[in-house]
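The structure appears right after this line, and notes come after that.
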Protein chains: 2
Amino acid sequence: MESIIPVTLPHSSYSIVIAPNSLNEIGPRLAQLNLGKKILLVSNPEIFSLYGEITIQSITLAGFEVITHTIPSGESYKTLQSIQDIYDTAIENNLERSSTMIALGGGVIGDMTGFAAATWLRGINFVQVPTSLLAMVDASIGGKTGVNHPKGKNLIGAFYQPKLVYIDPTVLKTLPEREFRAGMAEVIKYGVIWDRDLFIQLENAESLDNLQFLSDDLLQTILTKSCQAKADVVSKDEKEAGLRAILNYGHTIGHAIESLTGYESVIHGEAVGIGMVAAGKIALKLGMWSEDDCQRQDNLIKKAGLPTEIPRDLDIEAIIETLKTDKKVKAGKVRFVLPSNIGTVSITDKVTSNLIRDTFEK
Amino acid sequence: MESIIPVTLPHSSYSIVIAPNSLNEIGPRLAQLNLGKKILLVSNPEIFSLYGEITIQSITLAGFEVITHTIPSGESYKTLQSIQDIYDTAIENNLERSSTMIALGGGVIGDMTGFAAATWLRGINFVQVPTSLLAMVDASIGGKTGVNHPKGKNLIGAFYQPKLVYIDPTVLKTLPEREFRAGMAEVIKYGVIWDRDLFIQLENAESLDNLQFLSDDLLQTILTKSCQAKADVVSKDEKEAGLRAILNYGHTIGHAIESLTGYESVIHGEAVGIGMVAAGKIALKLGMWSEDDCQRQDNLIKKAGLPTEIPRDLDIEAIIETLKTDKKVKAGKVRFVLPSNIGTVSITDKVTSNLIRDTFEK
């Protein structure tokens, strides 16, 4: 059982490989890519202790020289300082233009390793080995890399494409349950914005809130369809000029919630879940979609064990203020992605502060 | 008198405008580019005090909102810290994705502003207004941006193309003479590697070592032909996969000299001058070009008032060691650009440490 999804971009094309129990076969896969001899493997201590050895062994056996660099876990280390630490390891080990950086970890490790690869010697090879569900279906695909600024998430970064995204779904068995559910939010998102079939398969699944109750086949299908959705969208719009904005479905209010709660009490996928429910309510208020579809979406989000309500202690005015500093603001207007059918969304700037107040005030 | 040189790249095309006495007309030129309303003008205090006001006035009159940010002069400020300072100004002023950063200054300001623009919100608009001869004919064209790592120059950076390069040659009248001569080294380089006509025009010029003795016409020709040469080369090889390496003519030994002398006693253009003379000697030793051509090149470098000898206190072994850490090292081999005729160079990895010893040891 192996899926290969090609991502075709004007300047660089690469494959997403989804292959269970395959971390010990990554070396030969890398050997096909015309990479230089040196590889810098970047990870965090937890992931590295679980999967570092098997990865390094396979890469070394394939003839590469591997150097490792670990960064403590967590969003608070997603800083320029951590990037500087990677640069220091790169120079100590004479990384050349033909060398490769591999990200072994979740979204934070992927974003940072990608940014370091994008900016070391003006760009060296980069490979993603995502180990969280969120990173597998979202962060590792599409070339967004970067770090946080003290005043905002992902404000510093670059578009930089990997040479390969290598997914071994088996590693999800060590992912904390809460993070698994958070990743499921992005999977549901693809169902709403792009792939009605995926949505229906998720509805029909026995359970969504725990990996144990997902068959290997269904997991492979979920990963393949999600990665395919993301690949479809980014292939059509590499640098977020238009279509790609639909991937922000649920993220506008989601980001505001994360920002106002300090990125810890509500984690990204949870915030996206709440954001999708909120966007659904707004779309309903605007008469853009049906009560029935709205209900189906909310049920699926609940089925995944995700929260659906904006935290009670958050003031709606604070959310409105935070929306105004969103990166996606264009000429001062907040642009919202709203659903019109399951499988279809559109982008609108009709969502006024007053509409948000009306929708969420008791 | 105005030259417009189009730079055509697969993904982004832009123009180099060379127009004397035109800094007060930059606003309308920017207004043609479909830029957002906000502009962050980055400069250093000296350049800003000379040309800030006239530039801001023209930009403001054209309907833009201008914010300014200055960075102290000099290579020692070409650091990630200075980039962070630009980010801070960007966030304080809510720079959006449609906003623009303009570099008003020499190569250091251009490289840093370009890197900040490349990495702020994963890339915003960028315009170069080079004020030194070196920046006009070299640094501002081709999309190389970046900063220094404590252990090496330009190790951190990105390829990022400007929307416009706007050159007003009149500003060169305030450029220190030593810097003017240093810039002339790159002009001579284009003559050797690409444009035999330019080389001959430089030979025929009355004087090259002082702007005062250059007619406006000759200056315009020199700038136009140099920018055209650089544009030709980078258009054919945006990301330095092949041809672009010829632009490093004189830079391999040049960089080693700069690095070993701490980037101050020998400035970049001077190091390139010495590097071209050295490369010429090596090419002569290899029987790749004639004594006559070698002599003509050395005469031109002297005519520009540039040094031609490796500083006496530098040990040739130290230079050889430094070459091994050069960014252009490929699989451990130093690749040299060597001339074969005036107007033509080739790339070789035949230059061994022993050959360098033989060429330069007394």
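Structure notes:
- FRET efficiency, 1/(1 + (r/R0)^6) with R0 22 Å, evaluated for A:F213 and A:I54 via beta carbons: 0.25
- Rounded to whole Hz, the Karplus (6.51, -1.76, 1.60) HN-Hα couplings of segment B:12-21, x for glycine and proline: 8, 10, 8, 10, 9, 9, 10, 9, x, 6
- Cross-link pairs beyond the 23 Å C-alpha cut-off, checked among A:K350/B:K163; A:K153/A:K189; A:K144/B:K333; A:K151/B:K163: A:K350/B:K163; A:K144/B:K333; A:K151/B:K163
- When +1 charges are put on Lys and Arg Cβ atoms and -1 charges on Asp and Glu Cβ atoms, the dipole computed for segment B:92-164 relative to its Cα centre reaches about 200 debye.
- Rounded to the nearest 20 debye, dipole of chain B from Cβ charges on Lys, Arg, Asp, Glu: 1080 debye
- Built amide H within the under 5 Å cut-off of A:N154, gap 5+: A:N148, A:H149
- In chain B, taking the dipole from charged Cβ atoms about the Cα centre, the farthest positive-side position among B:L306, B:T89, B:V129 is held by B:T89.
- Net charge of neighbours whose Cβ lies under 13 Å from the Cβ of B:S73, counting Lys and Arg as +1 and Asp and Glu as -1: -3
- Of the beta bridges in the protein assembly as shown, as assigned by DSSP with both residues counted there, near 45 percent are antiparallel.
- Sulfur and carbon atoms: percent of accessible area, chain A [1.4 Å]: 48 percent
- Mean partner shielding of peptide A:200-211, defined as the number of other chain Cβ atoms within 10 Å of each residue Cβ, is 0.
- Shielding by partners, peptide B:116-124 (average Cβ within 10 angstrom, other chains): 6
- In this Cβ point-charge picture (+1 for Lys and Arg, -1 for Asp and Glu), segment B:125-213 has a dipole of about 520 debye about its Cα centre.
- Under 5 Å, built H, 5+ apart or other chain: amide partners of A:F126: A:M101, A:K163
- Share, in percent, of DSSP beta bridges within chain B that are antiparallel, nearest 5: 40 percent
- Shape of segment A:163-237, Cα gyration tensor, a/c cut at 1.5: oblate
- Copy-to-copy label distances for A:G242, where each label lies 7 Å from Cα along Cα-to-Cβ, are 3.3 nm in order of increasing length.
- Protein heavy-atom accessible surface, 1.4 Å probe, per residue over segment A:218-362: 42 Å².
- With protein chains left intact and a 1.4 Å probe, residues in segment A:1-57 average 49 Å² of accessible area per residue.
- Other-copy label distances relative to A:K324, 7 angstrom Cα-Cβ extension, nm: 6.0
- Adding -39500 (n - 2.57) for every DSSP H run of four residues or longer, then dividing by how many residues chain B holds, sets the calculated 222 nm ellipticity at -13500 deg cm²/dmol.
- Segment B:147-164 and segment A:39-110 have Cα centres lying 22 Å from one another.
- Largest accessible area first, the listed residues B:H255, B:H69, B:H11 line up as B:H11, B:H255, B:H69 when surface is computed with a 1.4 Å probe on the assembled protein chains.
- Build a GNM of chain A with springs between Cα atoms under 10 Å apart, and of A:L300, A:L260, A:L164 the one that fluctuates most is A:L260.
- Inter-part distance where segment B:8-26 and segment B:199-273 are each reduced to a Cα centre, Å: 19 Å
- Solvent exposure, largest accessible area first (probe 1.4 Å, DNA, RNA and ligands not counted), of A:K281, B:K324, A:K189, A:K153: B:K324, A:K281, A:K153, A:K189
- Threshold 30 Å² - residues in segment A:137-176 whose accessible area is reduced by that much or more when the chain is no longer isolated, probe 1.4 Å: A:K144, A:H149, A:K151, A:L155, A:I156, A:G157, A:F159
- For A:S73, the label point sits 7 Å beyond Cα toward Cβ; its separations from the matching points on the remaining copies run 5.2 nm, from shortest to longest.
- Each Lys or Arg adds one and each Asp or Glu subtracts one; over the other residues with Cβ under 12 Å from the Cβ of B:G107, this totals -2.
The values are calculated or read from the model by the stated rules, or taken from the named source; none is laboratory data. Since the model is a prediction, treat every value here as computed from it, not as a measurement. All Cβ positions, glycine included, derive from the backbone under ideal geometry; neighbour counts span all protein chains shown. What goes into the accessible areas is simple: the full protein's heavy atoms, side chains included, and nothing from ligands, DNA or RNA. Shrake-Rupley method; radii C 1.70, N 1.55, O 1.52, S 1.80 Å.
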